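The values are calculated or read from the model by the stated rules, or taken from the named source; none is laboratory data. Because the structure is predicted, anything quoted here is derived from the model rather than measured. No Cβ is skipped: glycine too gets one built from the backbone with ideal geometry, and neighbour counts run over all protein chains shown.
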Amino acid sequence: MTAEIFIQSVLDGLLLSLCCLGLLGRERGKLDALLPLLLSCVCLVARQGLGYSRADLAFAVLPVDTIILFLFLFLAVLLLNSVWFRRAEGHAFFGTVAAFALYLLLRELCLVALYLSDVEEVAWYLYVSRILSLLLWLALWAVGALRWLRGRLAEGDVPVRILVGNTAILLLLVLSVFRFDLSSMFRWLPVTAGVLVLLALGDGAAVLIEQRRIQSQRRARLLEQYLPLVEELIEQVRARQHEFNNRMMAVSAALAAASDLEEARTSVASLLQNAKLDGVDRELLKCDSKVICGMLFGKVKQAELKHIRLDISIAGTFLHRALPEADWAEVIGVLTDNAVEASSSGDVLYAKAVEENGGLLFTVSNPHPALSNLEFVQMFRRGWSTKAADGHGYGLFNVRSAAERCGGKIIARNEVIEGKPYITVGVLIS
């Protein structure tokens with residue numbers, strides 16, 4: 001074993017360990033520093049295997065130069081990840097696949113960049129490209145791309161799993177077709193680029209189809225959950241309409257039986273008392289989404305059980321926005337639930353949906369002492385909660401994530417309503 005092989009194996013192990021830590025998360029605190037050492041040893045062992053070539057450039061991408069040795073490397077890393085990160089089997093597997101997809105993508109991008117820059121020195125491909133890969137990983141970590149991808153993998157996001165799986169398979173296929181020979185890869189670079197474009201288009205189509213399927217399933221579940229509440233609201237309105245019709249008949253009879261104008265005025269005033277549609281019901285009937293209408297009606301009933309009044313005003317449409325209907329339901333549910341939980345018996349809450357700047361602004365206001373800008377920012381961080389129990393603190397973080405995904409904005413401000421301090425939290429979605 002030469003010093004060159006040792007250095008290359010250490011750099012490969014470092015990048016592979018960073019990919020695993022970035023996509024699976026830190027697990028053992030200070031002991032995580034041992035993971036690069038362990039993976040460097042795995043890369044070094046794999047490098048000693050028998051392959052097609054003894055040329056250094058055959059190992060410019062991976063510490064192996066055959067598919068058989070790659071399978072050994074993959075299984076070794078998968079076993080180490082399963083033990084090290086103590087994740088569920090599915091998450092450990094797809095996390096390892098994603099780590100290799102990221103590793104291959106970074107390595108091949110850097111090598112192609114050097115080739116397009118007309119670099120001829122072999123040392124650049126063996127050492128500088130590895131250092132550039134590490135710097136590119138740091139850039140992805142700095143912008144939060146790896147944390148986002150780690151969150152999607154942890155949640156079992158099917159489109160993301162499809163994406164990382166296809167990426168890993170195709171990048172490995174490119175290497176195997178050219179027998180890990182960089183010169184052949186570069187010679188057929190247009191073909192390789194075309195394959196990558198097809199991969200991007202195929203992955204995009206697969207992700208789009210899967211997202212539509214997931215949204216359809218979520219909407220079906222929400223309809224099943226909230227349509228009974230919509231039917232209850234309709235029955236409630238029909239009952240009041242029937243009561244109103246009966247009162248109109250009584251008014252007609254009272255007018256016919258009255259002996260003078262004053263008696264008629266008194267009789268009509270008595271009969272028409274409270275003969276009007278409830279304001280909340282009237283606003284809910286304006287809602288263009290049955291799912292959201294049913295949800296809000298349910299939240300009104302939940303608030304009433306705590307002797308809290310939820311006042312609703314709807315002057316805009318929820319459908320045909322950048323935010324899907326199912327995500328709207330999640331956002332509205334989190335905002336109203338938080339407001340109800342933070343309120344006391346006798347409080348009045350305000351939920352408003354209004355058109356603003358070409359988008360829909362939905363806000364919920366509840367009584368609360370004024371907060372500073374820093375406190376508002378902390379509210380939307382992952383894990384922030386006023387509750388001591390574990391598992392809380394993700395509601396407002398999910399609201400922020402949903403708004404950011406569709407280019408929306410978070411709204412958070414202090415207000416004074418009828419002489420009382422309120423905080424208002426919401427989203428603006430185009």
> Do we find that GLU283 is within 29 Å of ARG405 (Cβ to Cβ), charged (D, E, K, R), modelled with pLDDT under 85 and in contact with a strand residue (DSSP E or B) (Cβ under 7 Å, 6 or more places away or on another chain) in this structure?
Replying inline: yes
>> I need the full set of residues from segment 333-347 which are among the charged types (D, E, K, R) and under 25 Å from the mean Cα position of the chain (by Cα), in order please.
In response: ASP337, GLU341
> Within segment 348-361, which residues are buried (at least 18 other Cβ atoms within 10 Å of the Cβ) and closer than 23 Å to LYS306 by Cα?
Replying inline: LEU349, TYR350, ALA351, LYS352
>> Just to be sure I understand, how many residues within segment 67-79 are touching a residue at least 40 places away in the same chain (Cβ under 8 Å), farther than 14 Å from LEU15 by Cβ and either among the aromatic types (Phe, Trp, Tyr) or crowded, with 18+ Cβ neighbours inside 10 Å (or both)?
In response: 1
> Out of segment 320-354, which residues are of a type in the set (Phe, Trp, Tyr) and at pLDDT below 90?
Replying inline: TRP328
>> Step by step: first the residues of segment 405-430, then only those that are outside any loop (DSSP other than H, G, I, E, B) and touching a Leu at 6+ places or on another chain (Cβ under 7 Å), then the one that is farthest from GLY333 (Cα to Cα). Which residue is that?
In response: ASN414
> Of the residues that make up segment 88-96, is at least one of a type in the set (A, V, I, L, M, F, W, C), over 17 Å from LEU39 (Cα atoms), at pLDDT below 90 and surrounded by fewer than 19 Cβ atoms within 10 Å (Cβ to Cβ)?
Replying inline: yes
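Report yes if some residue within segment 200-207 is assigned to a helix (DSSP H, G or I), modelled with pLDDT of 70 or more and exposed (fewer than 13 other Cβ atoms within 10 Å of the Cβ); otherwise report no.
Checking segment 200-207: at least one residue is assigned to a helix (DSSP H, G or I), modelled with pLDDT of 70 or more and exposed (fewer than 13 other Cβ atoms within 10 Å of the Cβ).
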> From the list LEU31, LEU73, LEU50, LEU57, which residue is out of contact with any Lys or Arg (no Cβ under 8 Å at 6 or more places or on another chain), on the phi < 0 side of the Ramachandran plot and at pLDDT 85 or above?
Replying inline: LEU73
> If ALA402 passes every condition in (1) in contact with an Asp or Glu (Cβ under 9 Å, 6 or more places away or on another chain); (2) modelled with pLDDT of 90 or more; (3) not in a strand (DSSP E or B) but one, which one does it miss?
Replying inline: (2)
>> Filter segment 324-361 down to the residues that are over 23 Å from CYS406 (Cβ atoms) and aromatic (Phe, Trp, Tyr) and list them by number.
In response: TYR350
>> Need pairs with beta-carbon distance below 8 Å; first residue farther than 28 Å from ALA326 by Cα and within segment 402-420, second aliphatic (A, V, I, L, M) and outside any strand (DSSP E or B); sequence gap 6+ or separate chains.
In response: ASN414/ALA370; ASN414/LEU371
>> Can you go through VAL174, VAL119 and tell me which one is touching a residue at least 12 places away in the same chain (Cβ under 8 Å), hydrophobic (A, V, I, L, M, F, W, C) and closer than 22 Å to LEU11 by Cβ?
In response: VAL174
